[in-house]
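Student: Would you mind keeping the following structure in view while I ask a few things?
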Amino acid sequence: MYLTLHDTLIRAKRRLEPLDPARVRMYVCGPTVYDFAHIGNARPVIVFDLLFRLLNYVYGADRVVYVRNITDVDDKINARAAEEYPGIPLNEAIRRVTEITDRQFHRDVAALGCLPPTVEPRATEHVAEMKQLIEDLVVEGNAYVAQDHVLFAVGSMPDYGKLSKRSLDEMMAGARVDVAPYKRDPMDFVLWKPSKPGEPSWPSPAGIVAPGRPGWHIECSAMAWKHLGKTFDIHGGGIDLVFPHHENEIAQSRCAFHTPQMASIWMHNGFLQVEGDKMSKSLGNFVTIRDLLKEWPGDVLRFQMLMTQYRQPIDWTKIATEQAATALDAFQQVTKTTEGRDGRISSAVLQALADDLNTPLAIAELHRLAGEARKGDFYAACDLKSTLRFLGFSVDGDGLQDFLKRRHPDLDEAKIQALVDARAQARASKNFAESDRIRDELAAIGVVLKDSKDGTTWEIAR
Ligand SMILES: [Zn+2]
């Protein structure tokens with residue numbers, strides 16, 4: 001089995017051919033830890049978690065290295081720290097902001113069914129590697145010093161702009177908006193900059209400028225190098241990172257290492273908007289993962305995210321969340337019939353995912369399996385269960401029933417059980433009119449009965 005993935009560099013799908021099949025390597029840009037992650041931030045985490053699971057399946061979990069970084073040095077972090085903790089030293093305030101945000105992020109993504117990556121490097125622990133890269137770029141003539149900054153000279157790289165396919169004019173027009181006076185070329189970007197008083201700072205690369213801190217782009221080049229090597233197989237992130245972030249990562253790594261590529265395949269997930277609008281704090285539709293998790297199980301949110309193929313834009317709506325919950329609950333009702341048995345991961349689902357993570361097709365296959373299972377195919381139920389587990393959903397326990405009970409707090413379990421017992425009595429005395437009446441009464445309040453040889457159970461329908 002091989003994977004075919006869409007590569008932004010060639011704007012087409014290509015077969016994944018690992019540079020070293022014994023060590024399949026993937027890097028994904030992780031969060032900047034200054035604020036609660038919103039549902040848009042969850043998209044790459046879920047998408048690349050799914051790819052990680054698929055790579056583990058195809059190549060063996062011990063042969064896959066998945067690196068997702070944590071950006072813990074950034075202007076936004078500094079600003080947030082100063083705003084939240086005005087009375088304490090900035091470095092201490094930054095530590096608090098990054099620790100709290102980092103902890104919440106990990107809680108959030110674990111609840112969304114995401115496995116921890118193989119390595120989760122932090123920017124502040126890789127300043128030495130960043131400095132090394134910057135020194136090399138200066139020596140090679142790809143970077144220069146100006147007014148206590150070190151800048152990458154975009155003109156020194158003939159094919160700069162290949163990933164985003166932006167023309168030089170377009171990039172110039174974008175860059176000209178606010179051109180710093182020390183830039184030789186408006187498109188040149190910062191590798192190192194001076195810190196303001198009180199901000200975190202490190203001695204500069206080779207002492208060439210004043211103490212300061214690295215720019216954002218260089219951190220990913222440094223962490224990818226440290227944990228994956230000079231070149232690797234897959235680099236992922238949101239589509240908003242193509243330019244300038246990924247373009248600049250490529251420029252730094254390729255020029256520093258004299259390599260024809262940084263990663264073989266560049267994958268980007270599409271945008272996410274909420275109820276038809278771009279998410280923004282000013283519109284009041286800024287939806288954090290934490291808030292959604294107060295209302296919905298993580299499995300439902302994960303399922304909703306995968307209902308759309310990762311490259312397509314998602315409109316995140318409440319209606320779609322309801323649909324995801326309905327579908328997932330139906331699957332989990334089926335998996336409860338497996339009596340603890342496992343099946344095989346559906347090969348049709350694997351094939352769908354191997355074709356550029358075609359999750360809508362994979363979900364269609366789950367529905368087909370569930371249909372077979374409901375018609376009495378025990379093995380289909382077992383396969384459905386194992387496939388759901390492979391996709392990162394919980395299949396043990398009572399599924400969504402506990403959650404549904406919470407959403408219907410008016411349901412009185414004792415009263416329902418009394419009615420269920422009364423119906424059993426009516427059936428035992430062959431009073432079918434009465435037993436049907438009770439069944440209808442329960443259905444009217446959303447309770448569905450299931451009769452089997454072992455008696456009657458009930459569950460809440462949506
Ligand atoms: Zn990055």
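The values are calculated or read from the model by the stated rules, or taken from the named source; none is laboratory data. Since the structure is predicted, the reported quantities are computational estimates derived from the model, not experimental observations. A quick note on method: Cβ atoms are made from the backbone with ideal geometry, for glycine too, and the neighbour counts reach across all protein chains shown.
Student: Run residue 414 past the list (1) surrounded by 12 or more Cβ atoms within 10 Å (Cβ to Cβ); (2) of a type outside the set (Asp, Glu); (3) part of a helix (DSSP H, G or I) and report the number of the one that doesn't hold.
Tutor: (1)
Student: What strands (runs of 3 or more DSSP E), lying completely within the stretch 257-339, carry at least 1 residues that are surrounded by 22 or more Cβ atoms within 10 Å (Cβ to Cβ) and among the β-branched types (Val, Ile, Thr)?
Tutor: 263-269
Student: Here is a further query. Looking at (1) within 16 Å of the ligand (Cβ to nearest atom); (2) more than 24 Å from residue 345 (Cβ to Cβ), which one does residue 7 not meet, given that it meets all the others?
Tutor: Residue 7 satisfies every listed condition except (1).
Student: Something else now. Suppose we keep only residues that are out of contact with any Pro (no Cβ under 9 Å at 6 or more places or on another chain) and surrounded by 16 or more Cβ atoms within 10 Å (Cβ to Cβ) within the stretch 66-76. Which one would you say is nearest to residue 359 (Cα to Cα)?
Tutor: Checking each candidate, the answer is 72.
Student: Still on this structure: Checking residue 240 against (1) acidic (Asp, Glu); (2) within 16 Å of the ligand (Cβ to nearest atom); (3) surrounded by 23 or more Cβ atoms within 10 Å (Cβ to Cβ): exactly one of these is not met. Which one?
Tutor: So residue 240 meets the others, but not (3).
Student: If you don't mind, there's one more thing I want to ask. Can you tell which of 229, 270 is away from the ligand (no atom under 12 Å from the Cβ), more than 19 Å from residue 51 (Cβ to Cβ), small (Gly, Ala, Ser) and touching a residue at least 12 places away in the same chain (Cβ under 8 Å)? I'd like the intermediate steps shown before the answer.
Tutor: On the way: 270 fails: more than 19 Å from residue 51 (Cβ to Cβ).
Residue meeting the stated conditions: 229.
Student: Only one of these is in contact with a Leu (Cβ under 9 Å, 6 or more places away or on another chain), more than 16 Å from the ligand (Cβ to nearest atom) and charged (D, E, K, R): 159, 188, 136. Name it.
Tutor: None of the others qualify; the one that does is 188.
Student: Pick from the stretch 367-405 the residues that are basic (Lys, Arg) and at pLDDT 80 or above: which of them is nearest to the chain's Cα centre (by Cα)?
Tutor: Of the stretch 367-405, the ones basic (Lys, Arg) are 368, 374-375, 385, 389, 405.
When the remaining residues are screened for being at pLDDT 80 or above, the result is 368, 374-375, 385, 389.
Values: 368: 27, 374: 32, 375: 35, 385: 23, 389: 18 Å.
Per the stated criteria, the residue is 389.
Student: Let me ask something additional. Being aliphatic (A, V, I, L, M), part of a loop (DSSP other than H, G, I, E, B), closer than 27 Å to residue 55 by Cα and in contact (Cβ under 8 Å) with a residue 12 or more places away in the chain narrows it down to one of 366, 357, 353, so name that one.
Tutor: Details: 366 fails: part of a loop (DSSP other than H, G, I, E, B); 353 fails: part of a loop (DSSP other than H, G, I, E, B).
Of 366, 357, 353, the one residue that is aliphatic (A, V, I, L, M), part of a loop (DSSP other than H, G, I, E, B), closer than 27 Å to residue 55 by Cα and in contact (Cβ under 8 Å) with a residue 12 or more places away in the chain is 357.
Student: Contact list please: Cβ distance under 7 Å, first residue in the stretch 279-306 and over 21 Å from residue 364 (Cα atoms), second residue part of a loop (DSSP other than H, G, I, E, B) and polar (S, T, N, Q), pairs at least six apart or on different chains.
Tutor: 279/285; 286/280
Student: Would you check which residues across the stretch 244-260 are within 16 Å of the ligand (Cβ to nearest atom) and modelled with pLDDT of 95 or more and list them?
Tutor: 245, 246, 247, 248, 249, 250, 251, 252, 253, 254, 256
Student: If you don't mind, there's one more thing I want to ask. Hey, can you tell me all the residues within the stretch 17-42 that are within 16 Å of the ligand (Cβ to nearest atom), within 13 Å of residue 55 (Cα to Cα) and among the hydrophobic types (A, V, I, L, M, F, W, C)?
Tutor: Listed by number, the list holds a single entry, 26.
Student: Collect the residues in the stretch 90-114 that are farther than 16 Å from residue 288 by Cβ and part of a helix (DSSP H, G or I), keeping them in residue-number order.
Tutor: 90, 91, 92, 93, 94, 95, 96, 98, 99
Student: Cβ-Cβ distance below 8 Å, separation of 6 or more or different chains: which pairs start in the stretch 196-218 with a residue that is closer than 14 Å to residue 77 by Cα and end on one that is more than 16 Å from the ligand (Cβ to nearest atom) and acidic (Asp, Glu)?
Tutor: 213/199
Student: Another question about this same structure. Being surrounded by 17 or more Cβ atoms within 10 Å (Cβ to Cβ) and under 21 Å from residue 27 (Cβ atoms) is the requirement here; does residue 153 meet it?
Tutor: no
Student: Enumerate the pairs (first residue in the stretch 406-428 and more than 13 Å from residue 438 (Cβ to Cβ) and at pLDDT below 90; second residue anywhere and assigned to a loop (DSSP other than H, G, I, E, B) and not aromatic (Phe, Trp, Tyr)) with beta-carbon separation below 7 Å, excluding pairs fewer than 6 apart on the same chain, so at least 6 apart or on different chains.
Tutor: Correct list of pairs: 408/446; 411/445.
Student: Any chance the stretch 231-241 includes a residue that's within 24 Å of residue 139 (Cα to Cα) and not in a strand (DSSP E or B)?
Tutor: Checked the stretch 231-241: at least one residue is within 24 Å of residue 139 (Cα to Cα) and not in a strand (DSSP E or B).
Student: Sticking with this one: Write out, first by first residue and then by second, each pair whose Cβ atoms fall under 7 Å of each other, whose residues are 6+ apart or on separate chains, and whose first residue, in the stretch 22-34, is farther than 12 Å from residue 68 by Cβ and modelled with pLDDT of 95 or more while the second is of a type in the set (Lys, Arg) and within 14 Å of the ligand (Cβ to nearest atom).
Tutor: none
Student: Looking at the structure I just gave you, is residue 47 out of contact with any Lys or Arg (no Cβ under 8 Å at 6 or more places or on another chain), under 30 Å from residue 82 (Cα atoms), within 16 Å of the ligand (Cβ to nearest atom) and of a type in the set (Val, Ile, Thr)?
Tutor: Judged against the criteria, residue 47 is not a match.
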